[in-house]
Each structure stands twice: as C-alpha cells, then as structure tokens.
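Readers should treat all values here as calculations from the given coordinates under stated rules, not as data from a laboratory. Remember, predicted model here, so these are calculated numbers, not experimental data. No Cβ is skipped: glycine too gets one built from the backbone with ideal geometry, and neighbour counts run over all protein chains shown.
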C-alpha cells in the first residue's frame, strides 16, 4: 500500500524508465505524469518527428497500461473511435465491437485532422471516462489518459479544435527540438536498437489509482490557494483577453500543483508550483481579442504579464 511519501519514489522510477527512450525532456515527462495523477488529458502541439508518439508509447509501457493509437483523418467516423453495435448471426443478437478508446492510454494522433463530429466523440470519454453507443453506456478502463497530438504548422485539411474540447485537455505542451548534445545522444541511443523494446512496467495500474487518490492529500495553505485564484481571475480582467480562464481551469491548476509537489517529494504546494504550471495549464483556455491577435501577441506573453502582476505570498507554512 503506497503512502504520500512514496509517490516521489514511484514517480522517479517512471520518469527514469521513460528517459531510457526520451532524451532531455524531463520537464515534459513530469507534466504528463502530473496529468496522469490528476486523471487529466494532454495535448502535445509540435512539428512531426519530435517524438510525440514515442513519448506516448514509452509512458504506456512504463506504466504497464494498455495502449491504442488512433490516426485521425478527415474520413474517420465517430464509430471508428468508440466502437459499434453489430448483428452477430452466430448468436442471433447484437454485439458490441469495442473501438480503440477501450484502452488505458490512447494516442489521438493529429487530432485536428478529424471532422468536428469525430472530434466531439472524444468529449464524453475525456470528461466522464465512459462512452455511449446505441444508448448503452460503457465505462472505460482506469486509469484513462488521452494523449493527443497536432501539427501547428500544417493547416491544410485540418479542423481546429473548438474551445469546448480544448478546455477538456488538462494541459497543453510541446517537446521542442533537442539541443546539439541531446540530438547526438539520440543518435547514439538508437544506433543499434530501439530502446523502447527494453522498457518494462515499473508501476501497476492499481498503484496509479492509489497515487491519484493520495495526491489530493497534498496541503495547500490558504494564502497559496488564494494566489492561484488571483492569477486565474486576473486573466478575466486583462484588457487583451476576450474570454478568461474558467473555474475548470482554476481547478486544473490547483490539482496540477498538488500532483507536481508530490512528484517532487513535497507534502505542500509552493507559489512557484503555480508559476511553473501556468504556461502548460492555462494558455489553451484563453481567448484573446481580435486586436491582440492582429498585433501578433502570444497568449504566453499575456500570461507572463498576468503572473508578474499578481504578488506572490511572502510568508506561508
């Protein structure tokens, strides 16, 4: 039986396992693990060839979870994702044929290539951990994580995610290009064999479910909690923001800080935890004004101004 003090040790084993394959992206791995502990989903926006699929496979193998990949295309139907009811002539009755969502870790590759109808088929699964087919509701396996990817450069034949679906993603991040030393290390690591073949489970699904419950016990002092609330409320009052962060966003920021503190071996949250998580948890929940977009101002710049404008608590225990 795990306790709060063991979350950091267990998380460390998971991170070390994933780093056998993924080079130099420890912060991104921590963010993905944070989302898993908060029962959230991750949107990875980056160019092809960076390692998004490899990251998802490494996470699945390290956690000992079932893994399925969905390659989103314009002709993909909702039933291709959720599954279908079909008439089985052998038993003379309807039978459910499960789709790729019936897995614990689902890679939704190039999610913005699917039509809005197919994209929306993920909403119920992401929010309620269940799917409904022909009026019958079926629960998904736990833990359940959607790792979605999209290419920010290629826009032809894509359907931008609506705000309602973006808000369902717990956090949004990117891997980015490796440094020169990291790229050299990648070449050496993949020179003779695929390191993914050596990755083995270091934690069970049952332990992950325990950790998801335990991170809720991480203490957040009143002044620190109010600091997070003030950051979120400041996004709604910024003159260049048309639609600020919703209460779902403030709850995501709060939970993420608890999980990140536990991963790093603390029983309490620091204001710096919120500062570090703002660029991953909040940008996709904001809508800037038309004038702001015309001037080329990025959401990340506005959020940096917001964080700078909100004074952090000086004393806390």
If the label point sits 7 Å along Cα→Cβ of residue 142, residues of the stretch 210-244 with amide N under 11 Å come out as 210-213
With label points set 7 Å from each Cα along the Cα-to-Cβ direction at residue 264 and residue 212, the distance between them in nm comes to 2.5
Stretched fully, the stretch from residue 73 through residue 193 gains (0.36 nm per residue minus C-alpha distance, one decimal, in nm) 40.1 nm
Residue separation between residue 117 and residue 132 times 0.36 nm, minus their alpha-carbon distance, gives in nm 3.9 nm
By the Cα gyration tensor axes a ≥ b ≥ c (a/c under 1.5 gives rounded; else a/b larger than b/c gives prolate, otherwise oblate), the shape of the chain is rounded
Two pseudo-spin positions, 7 Å from Cα along C-beta at residue 163 and at residue 27, lie apart in nanometres by 2.8
Highest mean packing first, using Cβ neighbours within 10 angstrom, the peptides 191-204, 228-241, 34-47 sort as 34-47, 228-241, 191-204
Cβ density ranking, 10 Å radius, fewest first, applied to 126, 85, 54 yields 85, 54, 126
Residue 246 and residue 53 label points (each 7 Å along its Cα→Cβ direction) are spaced in nm at 3.2
Here the convex hull volume per residue of the stretch 157-244, taken over Cα atoms and given in Å³, is 268
